[in-house]
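The values are calculated or read from the model by the stated rules, or taken from the named source; none is laboratory data. Since we're looking at a predicted model, the values are computed, not measured. Note that each Cβ is placed from the backbone with ideal geometry, even for glycine, and that neighbours are counted across all protein chains shown. These accessible areas exclude ligands, DNA and RNA; they are computed on the full protein's heavy atoms, side chains included. Shrake-Rupley method; radii C 1.70, N 1.55, O 1.52, S 1.80 Å.
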Amino acid sequence: MSFISKALRGVALAAIVAATALPAAAREFRIAVGDGAGGTQEALGLAFIKALEEKTGGAHTGKLFLNGQLGDEQDTVNNAAMGTLDFSILAINNVTPFSPEVGTLTLPYVLLSLEDAEKITQGPIGQQLVDKTVENAGVRIIGWAYSGFRVLSNSKRPVATVADLRGLIVRVPRNEIMIDSYKAWGVNPTPLAWTETFAALQQGVVDGQDNPYMTIYAMKFDEVQKYITNWRYIFSIEPLIVSEQLFASLSPEEQQQILDAGLQATKDSAEFLRTEEAKIKEELVSRGMEITEPADGEQEFIDLATAAVWPKYMDQIGGKDALNAILAELGRPLVE
Ligand code: MLT
């Protein structure tokens, strides 16, 4: 063998050794975010990126695209399923149309606190919902942001009772459970994509909407809304989803790093809500918003919504046993 071919063989061997010793190619994942800066979605995304960089020794990172720059929340589920988007952070109500079982998390008056939300999402029921969503929608939930109760905001008047609510034009997500909750209160709501909501409120196409304080702040809704009703009909959970195609293409080690980073970000998200929500509420009041408590401990809203909506969606969310499993986990009375 000539000196040159020996030398070439040496170079080739060195290249192979170097290639196998190197970590997988560094990646910057694209992460769609439905809301603007300052809310729980951004906080979850930043915590995830930080944890991912730490766990991969800087090999992988991510970039957030806020304010629906990569599409409306429901579209991002399709895009991630098709593999044209890496990750998305969005409200759970915008996952439900693709994975009916997660509807248990948008049934009115099921989750009644942050602790309820943490218990369900981080326990075995949460894992079943993750598995179902991979199967149904082609996306994997790897983290959860906790955003607080979705409160009602509107530009017309204080709302304390069901009677006060009637006559308002209220935007809701394209989510059947939420549409039917309003119908139970005698309101025919207007389903609109999230990306169209600010403009619809600003132009007076709709009078109001519901979302957590953190989201109202991140979306600057205080500029176009005056009244808030501090009701508790849905505790808002906002998952971080990854394209299952992308996830399946990664090595077991990388998959574990992503899952670990998602878990870390979930824990940070709960902490973020605990420390920030009260401050954000005060900030909204200082900007001129008025907060009204629902009359009579919200009982009329609770009775109407649970009586109409729970039975109607029982089969879709996986049957009475699925709802009772959640209620039992939370130490609440079961449905007959
Ligand atoms: C919605 O109302 O469509 C969502 O809750 C928006 C969000 O992600 O904050």
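Could you tell me what percent of the accessible area of the chain is made up of carbon and sulfur, with a 1.4 Å probe and every protein chain present?
Whole-percent figure for carbon plus sulfur exposure: 54.
Out of all DSSP beta bridges in the chain, what portion is antiparallel? Express it as a percent rounded to 5.
Close to 55 percent.
Please compute the length gained on full extension between residue 28 and residue 69, using 0.36 nm multiplied by the number of residues separating them and subtracting their Cα-Cα distance.
Answer, rounded to one decimal: 13.1 nm.
Can you compute the FRET efficiency between residue 183 and residue 336 using 1/(1 + (r/R0)^6), with r the Cβ-Cβ distance and R0 = 25 Å? Round to the nearest 0.05.
Here the calculated transfer efficiency is 0.60.
Using the structure shown, list the pairs from 132/281; 55/281; 183/281 with a Cα-Cα distance above 31 Å, or answer none.
The pairs that break the limit, which is 31 Å between Cα atoms, are 132/281; 55/281.
Can you compute the modelled spin-label distance between residue 166 and residue 251, with each label point 7 Å from Cα toward Cβ, in nm?
Between residue 166 and residue 251, the simple spin-label model gives 6.5 nm.
Could you give the distance between the Cα centres of the range 261-279 and the range 27-58, to the whole Å?
Taking the Cα centre of the range 27-58 as reference, the centre of the range 261-279 is 13 Å away.
Using the heavy atoms of the protein chains and a 1.4 angstrom probe, tell me the accessible area per residue for the chain in square angstrom.
Using a 1.4 Å probe on heavy atoms only, each residue of the chain averages 43 Å².
Using the Karplus curve 6.51 cos²θ - 1.76 cosθ + 1.60 with θ = phi - 60°, work out ³J(HN,Hα) for each residue of the range 320-336 in order, rounded to whole Hz, and write x for Gly and Pro.
4, 5, 5, 5, 5, 4, 5, 4, 5, 4, 8, x, 10, x, 7, 8, 7
Can you list, bin by bin at 10 Å, the percent of alpha carbon pairs in the range 129-233, starting at 0?
14, 43, 29, 12, 1
Grab the beta carbon distance between residue 259 and residue 290, set R0 = 56 Å, and tell me the FRET efficiency rounded to 0.05.
Once rounded, the FRET efficiency stands at 0.85.
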